[in-house]
1. Please get the size of the charge dipole for region 129-182, origin at its Cα centre, with Cβ charges of +1 on Lys and Arg and -1 on Asp and Glu, quoted in debye to the nearest 20.
2. If we count every other residue with Cβ under 11 angstrom of I162's Cβ, Lys/Arg +1 and Asp/Glu -1, where does the sum land?
3. Pick out, from G29, C10, Q70, the residue whose Cα sits farthest towards the positive end of the charge dipole of region 9-86, with +1 on the Cβ of Lys and Arg and -1 on the Cβ of Asp and Glu.
4. Determine the calculated [θ] at 222 nm for the chain from helices alone, applying -39500 (n - 2.57) to every DSSP H run no shorter than 4 residues and normalising by the residue count; nearest 500 deg cm²/dmol.
5. Using a 1.4 angstrom probe on heavy atoms only, work out the carbon and sulfur share of the accessible area of the chain in %.
6. Order of 86-93, 36-43 by packing, highest average Cβ count within 10 Å first?
7. Name the GluC sites (Glu not before Pro) in region 63-120 that are in a loop by DSSP and that have at most 14 other C-beta atoms within 10 Å, would you?
8. Q12 to E208: FRET efficiency via 1/(1 + (r/R0)^6), r the Cβ-Cβ distance, R0 45 Å, to the nearest 0.05?
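The values are calculated or read from the model by the stated rules, or taken from the named source; none is laboratory data. Only a predicted model underlies this, so the values are computations on that prediction, with no experimental measurement involved. All Cβ positions, glycine included, derive from the backbone under ideal geometry; neighbour counts span all protein chains shown. Side chains included, ligands, DNA and RNA excluded: accessible areas come from the protein's heavy atoms. Shrake-Rupley method; radii C 1.70, N 1.55, O 1.52, S 1.80 Å.
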Amino acid sequence: MLRRELPLGCEQGRLIRVADGRIAIGPDGSPLQPEQPWTQSVQPLAFWHDEPIALVVEEHADESWPDGRQWLARLPESWFPLISTALQVAAWIRDHRFCGRCGAPSARLDAEFAMHCAQCGHRNYPRISPCIITLVTHGEAMLLARSPRFPPGRYSTLAGFIEPGESAEEAVHREVYEEVGVSVGRIRYYRSQAWPFPHALMLGFFAEAASRRIHIDGIEIADAAWFTPGRLPRLPPTYSISRALIETHLAEVAGGFARK
């Protein structure tokens, strides 16, 4: 449905209006505005069902505009790539209007997602921050945790940014131990997901706990506990890779397989 090709040379098409992580509602109730002529200020984005789509980054959002999470919760899963791309490119345009090397204004290039500084020649591209997200298991049980920012009752998998010079596997061991004091043994890669809040790339893993003893850090983690398939807390939203990790484990348990 999403074709990652910049619609260069198109003079009109549909628009997505983004500001402050919010997306305007189109006349049809979708995130897309009607087809219209494009001005020089729009950022060509991609093709959606073979229709050219461009992005308009505005200074301020109307309070009626849903934020990214609200859009992902209300739309079918097939919309995720378009919403994720629009939010991440909008954040990049907003945050890189000036050169990070010399401070001069930057200009968008037409042929790719790139900002170029005519003064010093520096060029920057949309930022992508790699993170690990891990479901720690012990047999059928899952170790889930609460961030202080979560809605009441919600627990999720453990996650954290990969540090400079660190592999994703090393980050799994470090983050799990730092956040809940649990050492893990065998780890298994699951899959990845672009996470546009604001520009993460989540690398999903399963990890087997060496013990069930928990010691939370008390800063990033407010609470953590072991949960069985028959006793689950409020889970992450269905569009998240965190939920996919949990559902995959539950399906494997139901099918007779549990990590030992």
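1. Numbers: 4 positive and 8 negative charges, 80 e Å.
So the dipole magnitude of region 129-182 works out to roughly 380 debye.
2. Details: positive: R174; negative: E163, E166, E169, E170, E175.
Taking every other residue near I162 into account, the sum is -4.
3. Q70
4. Working: 4 runs with 50 residues, N = 260.
The per-residue figure over the chain is -6000 deg cm²/dmol.
5. Numbers: 6840 of 13260 Å².
Of the solvent-accessible surface of the chain, carbon and sulfur hold 52 percent.
6. Ranking the peptides 86-93, 36-43 by packing returns 86-93, 36-43.
7. Details: sites: E63, E77, E112; in loops: E63, E112.
Those that pass, being in a loop and sparsely packed, are E63, E112.
8. On the way: r = 54 Å, r/R0 = 1.20.
Calculated value: 0.25.
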